[in-house]
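Here the structure is laid out as structure tokens; the discussion comes afterwards.
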Amino acid sequence: MFGQRTVDPSPSTHYRSERISAVNGQYFFATREGTLEGPYFTRIDAERDIALYIRRQQQADDILETRAY
């Protein structure tokens with residue numbers, strides 16, 4: 001996939017991959033920022049928290065944008 005996020009310095013190719021991984025029976029999800037979030041006891045818990053993580057990141061971006069003015 002070719003695309004550019006607003007925070008990326010230049011266009012680049014981003015490859016989609018599985019964001020959720022299981023390690024020793026616990027689940028984690030990887031972020032674009034390079035962090036590994038978790039552990040979660042179930043895959044469903046990890047998937048639910050991905051949605052919450054994205055929402056928090058979008059809210060933080062919105063706050064920073066409004067403060068820039």
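What FRET efficiency, computed as 1/(1 + (r/R0)^6) with R0 = 22 Å and r the Cβ-Cβ distance, is obtained for Ser21 and Glu65, rounded to the nearest 0.05?
Working: r = 32 Å, r/R0 = 1.46.
Computed FRET efficiency for Ser21 and Glu65 comes out at 0.10.
The slack in the chain from Arg55 to Ala30, taken as 0.36 nm per residue of separation less the alpha-carbon distance, amounts to 7.5 nm.
Taken together, the values in this text are just the output of simple stated rules run on the coordinates, not laboratory data. Predicted, not measured: the structure shown is a model, and the values here were computed from it. Note: ideal-geometry Cβ built from the backbone for every residue, glycine included; neighbour counts use all protein chains shown.
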